[in-house]
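Here is the structure we will look at, set down as structure tokens.
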Amino acid sequence: MRILYQLLVGLFLMLQGVAGQPHLPSPHQPCLGLNGRCFPGICRHPYYWIGTCSNGFSCCRRYTEA
């Protein structure tokens, strides 16, 4: 089971390299890894909430139309 886990992690890292993302987002700044910004309080327009930052602020991403 441990070998399967290591193989899956290796596959994940290879796929990230192929996708053009050379490293994992820092565990201390997961909001930046989601292309977001930390704001105090709630997210206001044109941003929407995607999570919580490590300091307790709201992690917000800009709304874009596709």
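The values are calculated or read from the model by the stated rules, or taken from the named source; none is laboratory data. Fair warning: this is a prediction, and the values are worked out from it, not measured in the lab. Cβ placement follows ideal geometry from the backbone for every residue including glycine, while neighbour counts extend to all protein chains displayed.
Data table
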read-out	value
Subset of region 32-55 [among the aromatic types (F, W, Y) and surrounded by fewer than 14 Cβ atoms within 10 Å (Cβ to Cβ)]	Y48, W49
Evaluation of I3 against (1) modelled with pLDDT of 85 or more; (2) in contact with a Ser or Thr (Cβ under 8 Å, 6 or more places away or on another chain) (one fails), failing number	(2)
Residue within region 20-37 that is part of a strand (DSSP E or B) and either modelled with pLDDT of 90 or more or touching a Ser or Thr at 6+ places or on another chain (Cβ under 6 Å) (or both) present	yes
